[in-house]
Amino acid sequence: PTVKPVELMKYLCRLVTPKGGIVLDPFMGSGTTGMAAKDEGFEFIGIEKEKEYFEIAENRIKSTAPLLDFLS
């Protein structure tokens, strides 16, 4: 496990992802990158093999940008 600030991940998402792009996180963990990507307006695909971490990530990402799910 690594601790990454959401603000750092927002910066990195903007740095490497083209406008309207998709952020892929093959090791999603608790979902920090997904939170950052959604908050910056990117689509996000996260992969996590541990069910416990997947559920944590899912809840965190939904709480970050709940209206995006509604508008999709």
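The values are calculated or read from the model by the stated rules, or taken from the named source; none is laboratory data. Because the structure is a prediction, the values reported are computed rather than measured. Note that each Cβ is placed from the backbone with ideal geometry, even for glycine, and that neighbours are counted across all protein chains shown. Quick note on the areas: whole protein, heavy atoms, side chains included, nothing else; ligands and nucleic acids left out. Shrake-Rupley method; radii C 1.70, N 1.55, O 1.52, S 1.80 Å.
Odds and ends about this structure:
- Scan of region 1-50 for residues that are of a type in the set (K, R) and open to solvent by 90 Å² or more (accessible area, probe 1.4 Å), ordered by number: R14, K19, K49
- Qualifying residue in region 8-28 (condition: in a loop (DSSP other than H, G, I, E, B) and under 16 Å from T64 (Cα atoms)): yes
- Qualifying helices (runs of 4 or more DSSP H) (wholly inside region 30-72; at least 1 residues being in contact with a Lys or Arg (Cβ under 8 Å, 6 or more places away or on another chain) and modelled with pLDDT of 95 or more): 32-39
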